[in-house]
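Below is one structure, written out as structure tokens; comments come after it.
The values are calculated or read from the model by the stated rules, or taken from the named source; none is laboratory data. Computed from a predicted structure; not experimentally measured. Cβ placement follows ideal geometry from the backbone for every residue including glycine, while neighbour counts extend to all protein chains displayed.
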Amino acid sequence: MRKLPAAAQEERRRQVIGLRRRGMSYQAIAEQVGLSPTGVLNLCHRFVAEGAKGLVSKPRGRKPGEQRLLNPAQGAEVQELIRRHTPDELGLPFALWNRAAARMLIARRCGVELAVRTVGKYLVRWGFTAQKPIRRAYEQDPVAVRRWSRQDYPAIVKRAKRARGIVVWGDERRCACG
């Protein structure tokens, strides 16, 4: 019955009540309409208690906000911190926000341990989306980059060789020697 549209479910419920009023047993009604005897019994009790309103389909599942591990105040605090700060500003061992960083923030600020997947659901609910960093800076000045790579960088390499060192490049993703 759950797979039927709401209107068809309501019609089937009206059939059950009509058959019961004609004196049919719960078992006979169940066999005729394709429900379980318990389902027929529950439907009849609901009709007695609520009348015709009891036959109307109601929303299924949890109510919005029900059984959330973070209360609205905690959620608002975490969202504000994520919007206004980077993880390292808050003393977290991350350069960029991700689910693990948000999870650690929630544990520290709210005292609630969440699964990474649950943190991801909260982030989506709050409007945060996963984004992959672009490979080059979008505010990059091509003239300054060209000057740096032709003049400044060769001087850095010469100074490193004189000191018997190496030049190491690093960002949030990885380190590379060059």
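For segment 103-117, a residue qualifies if it is under 12 Å from the mean Cα position of the chain (by Cα) and exposed (fewer than 11 other Cβ atoms within 10 Å of the Cβ), and exactly one does: ARG117. Is it true that VAL124 is surrounded by fewer than 12 Cβ atoms within 10 Å (Cβ to Cβ) and in the same structural domain as LEU70 (by TED's automatic domain parsing)? The answer is yes for VAL124. Within segment 88-107, residues that are within 18 Å of ARG68 (Cα to Cα) and in the same structural domain as PRO72 (by TED's automatic domain parsing) reach partners that are of a type in the set (Gly, Ala, Ser) and in a helix (DSSP H, G or I) with beta carbons closer than 8 Å, at six or more positions or on different chains, in the pairs ARG99/GLY120. Among the criteria (1) in a helix (DSSP H, G or I); (2) over 30 Å from MET1 (Cα atoms); (3) free of Cβ contacts under 8 Å to residues at least 40 places away in the same chain, the one ILE82 does not fulfil is (3). Just one of (1) closer than 18 Å to TRP126 by Cβ; (2) free of Cβ contacts under 8 Å to residues at least 12 places away in the same chain; (3) in a helix (DSSP H, G or I) fails for PRO64. It is (3). Listed by first and then second residue, the pairs linking a residue in segment 128-157 that is in a helix (DSSP H, G or I) to a residue that is modelled with pLDDT of 85 or more and surrounded by 10 or more Cβ atoms within 10 Å (Cβ to Cβ), with Cβ atoms under 8 Å apart and 6 or more places separating them unless they lie on different chains, are ILE156/VAL167; VAL157/VAL167.
Across segment 47-69, the qualifying residues are those that are of a type in the set (D, E, K, R) and over 17 Å from the mean Cα position of the chain (by Cα), and the one among them that is farthest from GLN9 (Cα to Cα) is GLU50. Does segment 136-144 contain at least one residue that is within 19 Å of GLU80 (Cβ to Cβ), out of contact with any Cys (no Cβ under 6 Å at 6 or more places or on another chain) and not small (Gly, Ala, Ser)? For segment 136-144, residues within 19 Å of GLU80 (Cβ to Cβ), out of contact with any Cys (no Cβ under 6 Å at 6 or more places or on another chain) and not small (Gly, Ala, Ser): absent. For segment 1-54, residues that are exposed (fewer than 12 other Cβ atoms within 10 Å of the Cβ) and among the aliphatic types (A, V, I, L, M) total 5. Counting only residues that are modelled with pLDDT of 85 or more, under 30 Å from ILE134 (Cβ atoms) and assigned to a loop (DSSP other than H, G, I, E, B), how many does segment 160-174 have? Residues that pass the stated criteria total 2.
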